[in-house]
Amino acid sequence: MEGQNGSGGISRRPRGPVTDGSKKKQEEEKEVKKEEEEGIPDRVMLKKEIGLLSACTIIIGNIIGSGIFISPKGVLEHSGSVGLALVVWVLGGCIAALGSLCYAELGVTIPKSGGDYSYVTEIFGGLMGFLLLWSAVLIMYPTTLAVIALTFSSYILQPVFPDCVPPYLATRMLSATCLLLLTWVNCSSVRMATRIQDVFTVAKLMALGLIIVVGLVNICNGNYEALTPQVAFAMERTPSVGQIALAFLQASFAFSGWNFLNYVTEEVIDPRRNLPRAIYISIPLVTFVYTLTNIAYFSSMSPEELLSSNAVAVTFGEKLLGMFSVIMPISVALSTFGGINGYLFTSSRLCFSGAREGHLPSLLAMIHYKRCTPIPALLVCCAATIVILCIGETHNLINYVSFINYLSYGVTIAGLLYHRWKKPNLFRPIKVNLMVPVCYLMFWVLLLGFSLYSEPLVCGVGLVIILTGVPVYFLGVHWKEKPKCIYNFIERATYVGQRLCFVVFPQIDPIQMDDPSEWTDPSGRSSSAATS
């Protein structure tokens, strides 16, 4: 019989029309094949493409920006002697190490991208998290990016204008061009952005390595008088506690960026292992390099020469490298170029995390359907930085940024202690000794206290900038019953943004769907289990 497979019959395909189910299956197979040919990923989500090497270069690349080429002057000026300045540099690295250990615990306990913002939101709630996000997006990261970009353009243009300051318009145009180029790179590919970070971090270390080698050769030739204990600790005046605190602030500026890997936790391969490893490798390495770099500076320049220099590395090159001194401004430019890339990469993830929590427009939580990069968040970071560049008063804003930055560090690490008290049985893959956050907070309170005493206006303006976020939070986030016209406008703007940027909401990785609040210490029970 036709259509049956009996002992003497044959099986034939039905001659009738193909069913709807078969058509749908064939269409799905064609669509999948087309997507594979076009390189469209099976799951639209942030990709885990940051291994241990790239994780280390993100930390090192963000720490080593323009600080080591600028801060030695400020540290020496406030500390009063070469010996005490070197002590400040070493202790500055130790303080950064204490803070990074605390962030390592938070990063593996609350495995979300967004760094400080995500941890404070999880621990203290939406308002506190939003205030950190508001100050960071409004002023902190755009200003820092603008200053690094201006440093880049100034050093690039220095050989072109050797006898005068580069023109205002030229520096702004070159800075904006650099920002636009690196924004395009970050929009195009995460892999390309991390490779640039890898290459330029190596270039930074090579530049500092050149300074260290030349300095050590100079010391071996007997030029180390300024480093002998009798001379190094000789002081014309004894610095006050406030002056030493300001010296630490200058050194801390050069170490800022040690927490930036926590902003991209969800893109790190095996973050529970690689995040702490990257921190343990990077911070001691940077501290070692910074200390040797300062020893090299002091081997070739007297304290008076260093204090009179506006660009320490360039002065060092002019004294010891002769006709090759042009290498120094180029090295500083390369260092800042990598710093811009690192700041763009991490700050865009902060915008992405804030939008995902509902604290920023939902468009910023979307990623490109094919490249899986947060294009809207990157464009917002780039645009905000260009606005700050046009304002022109970037160096005045840096003082407010430093205060806001340190305030966020202290609040986050205080959150670590509160989180331990609130959820004592929560499983923590890394659990630092209690003295680590306590020591950091003691230093933080001391530093912040002297800052308030010596610069009350700067700290007051910083607090005002943060507190302006309170009405914005209640109007934009907390107020749910807005007029329909506002929702219609937001929906329309989001639709237009999606069409222009080809972005969609990322899908959730099933592996990451486990709730951290349910993880418990094997020796204890979760709070949910205890109440059931």
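Sort out for me the Cα centre separation of segment 204-237 from segment 320-387, rounded to whole Å.
The two parts, judged by their Cα centres, are 35 Å apart.
How charged is the neighbourhood of M328? Take every other residue with its Cβ under 14 Å from the Cβ of M328, and add Lys/Arg as +1 and Asp/Glu as -1.
Net charge in that neighbourhood comes out at +1.
Residues with beta-carbon under 12 Å from that of A85, excluding A85: net charge, scoring Lys, Arg +1 and Asp, Glu -1?
That sum, taken over residues with Cβ under 12 Å, equals 0.
Length gain on complete extension for the stretch F502 to L463, per 0.36 nm per residue less the alpha carbon to alpha carbon distance?
Contour length minus the Cα-Cα distance gives 10.2 nm.
Among 183-192, 109-118, 488-497, what's the highest-first ranking by average C-beta atoms within 10 angstrom per residue?
So the peptides 183-192, 109-118, 488-497, ranked by packing, come out 109-118, 183-192, 488-497.
Fully extended, how many nm does the chain gain between V445 and R420 (0.36 nm per residue separation, minus their Cα-Cα distance)?
That works out to 7.0 nm of additional length.
Going toward the positive end of the dipole of segment 303-454, with +1 on Lys and Arg Cβ and -1 on Asp and Glu Cβ, which of L344, G317, L434 do you reach last?
After comparing all options, I get L434.
Relative contact order for segment 252-353: what is it in percent, counting Cα pairs under 8 Å that are at least 6 residues apart?
Averaging sequence separation for qualifying contacts and normalising by length gives 28 percent for segment 252-353.
Does segment 375-494 classify as rounded, prolate or oblate by the C-alpha gyration tensor (a ≥ b ≥ c root eigenvalues; a/c under 1.5 gives rounded; else a/b over b/c gives prolate, otherwise oblate)?
oblate
By average Cβ neighbour count within 10 Å, what is the ranking of 340-353, 444-457 from highest down?
So the order, starting with the most tightly packed, is 340-353, 444-457.
Might you tell me the accessible area per residue for segment 346-483, computed with a 1.4 Å probe and given in Å²?
The answer is 46 Å² per residue.
Highest mean first, how do 297-303, 238-244 rank when packing is the count of other Cβ atoms within 10 Å averaged over residues?
Sorting 297-303, 238-244 by mean packing, highest first, produces 297-303, 238-244.
Looking at L475, Y409, N425, which one has the Cα that reaches farthest to the positive end of the dipole of segment 400-482 (charges on Cβ: Lys, Arg +1; Asp, Glu -1)?
N425
Considering Cα pairs under 8 angstrom that are at least six residues apart, work out the relative contact order of segment 107-259 and quote it in whole percent.
Answer for segment 107-259 is 11 percent.
Note down the net charge around L106, summing +1 for each Lys or Arg and -1 for each Asp or Glu among other residues with Cβ under 13 Å from its Cβ.
Local net charge: +3.
Under the 0.36 nm per residue contour assumption, what length would be gained going from the current alpha-carbon distance of S302 and V217 to full extension?
28.9 nm
Between L321 and F474, what is the label-point separation in nm under the 7 Å Cα-to-beta-carbon projection?
My value for the distance between the label points is 5.6 nm.
Can you pull the one-decimal nm distance between simple spin-label points at Y495 and V387, each 7 Å off the Cα toward Cβ?
Label-label distance for Y495 and V387, simple model: 2.6 nm.
For segment 42-160, what does the relative contact order come out to in percent, with C-alpha contacts under 8 Å and a separation of six or more?
Computed over segment 42-160, the figure is 15 percent.
The values are calculated or read from the model by the stated rules, or taken from the named source; none is laboratory data. Being a predicted model, the structure only gives us computed values, none of them experimental. For neighbour counting, all protein chains shown are included, and Cβ atoms are generated from backbone atoms with ideal geometry for every residue, glycine included. Areas reflect the complete protein model, heavy atoms only, side chains present, ligands, DNA and RNA absent. Shrake-Rupley method; radii C 1.70, N 1.55, O 1.52, S 1.80 Å.
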